[in-house]
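Have a look at the structure below, then the notes.
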Amino acid sequence: MRKIITSLLILLFAFFVFSVTSVSAKVISDEKGSVNVGKTEIINDDLFIGAETAEVAGTVNGDVFVGAQTVKISGIINGNLHVGANTFDLRGTVKGNVYAGAQNVLVSSSTIGGSLLIGAATVNIDRDSSIGGSILAGAGGLTIDSQVKRSVYAGTGNLTIGSDAIIGKDLYYSSGQEQANISSSAKIAGSIYKSEVAKSPSNIEGAKKLVPTAINGAKVFSSFIAFIGALIVGLLYLKLFAKYFTQTASIVSKSFWKSMGIGFLVTIALIPGMIILLITVIGIPLAGLAFLVFLLYSYLAKIIVGLTFGDLISKQLKWKMTTFWSFALGLLVIDILRFIPKVGFLVTLVVLWIGLGALTLRMFSKSN
């Protein structure tokens, strides 16, 4: 719950906290109505839509972010597509990746240049669709009858691989069914891997033995969801406040120990400072604001350090990477380190201090 609240705070407060940086995007909002981008419309920018119903039939030369009850995409998106909806109908072309969370998803006669990452109750991908990357899906029911050039990773209650399905690499799945419905006519270039579902224990002792495994599985799943959420927030941060993002990350690399020291001081000074403000009564609103800013910065700390760490790794290995992929690499390494027993807590603490310190230094710097 804390992670969800913190994520929302980022979206609400980022516009105020980081207003020093210019924003480049087209934003369309109509919470009780509909938004329609016509077939002849061309948007040469990133597009943000918030509405009850949203339809994009035109061309968008950038990334698209949509939050609506019903979303229909039938146009051309020359970037990535991010969707949160009840019903999601994709009938167009997406040159990048598709990230979607919805109740019901239909992918029909569509071309996705990148990968499809999706969480839904039901997902149907028809034979006239093609996916240039992989499919990573968590769904109650998943039907794939399309071409997938790389691998399929599926966690689902019911899995159906149709007769026209072509999977370029491997199929990994965990299904509630005794046997997934995989057509003999489907073409799977690689291997099929099934994760066995544990049987119900026949006694209490057996159940006790399964508890640690279940807890670890829950931790891995929640960490994965948090990682995807941080990636999306980092992408938004980079798109909207690129200058602020990169400048703050550079503070970490140039003043590592100073950043960590200031972050440590900010952390230990928070509680006494809050108490003093609360005692004065008149300072209660300021205390609340200070706490919200602290939550915001605590979340952004990992994102800032992730970019710095990713840049360091890519330079050491001489990998040519974009800013986003450097950030994604660094974030992944940090999350892996956090899983190491006895080391994970220390990593979390150090990352928090470094990020907080860098953000505090950036706040009081003269550069814009």
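Subtracting the Cα-Cα distance of residue 69 and residue 226 from their residue separation scaled by 0.36 nm leaves 54.2 nm.
Here the Karplus relation 6.51 cos²θ - 1.76 cosθ + 1.60, evaluated at θ = phi - 60°, turns the backbone of the range 128-145 into coupling constants of 8, 9, 9, 10, x, x, 10, 10, 10, 10, x, 8, x, x, 10, 10, 10, 10 Hz, with x for every Gly and Pro. According to the Kirkwood relation over distinct C-alpha pairs, the hydrodynamic radius of the range 308-368 is 12.9 Å. FRET efficiency for the residue 270 to residue 187 pair, using the beta carbon distance and R₀ = 45 Å, is estimated at 0.20. For the range 25-194, the Kirkwood radius over C-alpha pairs fed into Stokes-Einstein at 10 °C and 1.306 mPa s yields D = 100 µm² per second.
First measure r as the distance between the Cβ atoms of residue 242 and residue 291, then evaluate 1/(1 + (r/R0)^6) with R0 = 35 Å and state the FRET efficiency to the nearest 0.05. The partial results should precede the final answer.
On the way: r = 28 Å, r/R0 = 0.80.
The calculated FRET efficiency here is 0.80.
Placing a pseudo-label 7 Å from each Cα along the Cα-to-Cβ vector at residue 52 and residue 315 gives an inter-label distance of 5.3 nm.
Checked against a 29 Å cut-off, the cross-linked pairs 239/320; 39/320; 318/342; 39/95; 194/320; 149/342 give Cα-Cα distances beyond that limit for 39/320; 318/342; 194/320; 149/342. Here the simple spin-label model places points 7 Å from the Cα toward Cβ, and for residue 254 and residue 349 these points are separated by 3.0 nm. When each of the peptides 34-41, 145-152 is scored by how many other beta carbons lie within 10 Å of its residues on average, the order from highest to lowest is 145-152, 34-41. Rounded to the nearest 0.05, the FRET efficiency derived from the C-beta distance between residue 158 and residue 338 at R0 = 51 Å is 0.90.
Under the shape rule built on the C-alpha gyration tensor, where the axes satisfy a ≥ b ≥ c, the range 226-330 is prolate, since a/c reaches at least 1.5 and a/b is greater than b/c.
On a full-extension model of 0.36 nm per residue, what is the gain between residue 86 and residue 109, subtracting their alpha-carbon distance, rounded to one decimal in nm? Let's see the in-between values first.
Numbers: separation 23, 0.36 × 23 = 8.28 nm, distance 2.04 nm.
Residue separation times 0.36 nm, minus the Cα-Cα distance, leaves 6.2 nm.
In loop segments of the range 322-368 as defined by DSSP, the chymotrypsin sites (Phe, Trp or Tyr not before Pro) with at most 12 further C-beta atoms inside 10 Å of their C-beta are 364.
All of the numbers you see were taken from the coordinates with simple rules; none came from a lab. Fair warning: this is a prediction, and the values are worked out from it, not measured in the lab. So basically every Cβ, Gly included, is an ideal-geometry build from the backbone, and we count neighbours across all protein chains shown.
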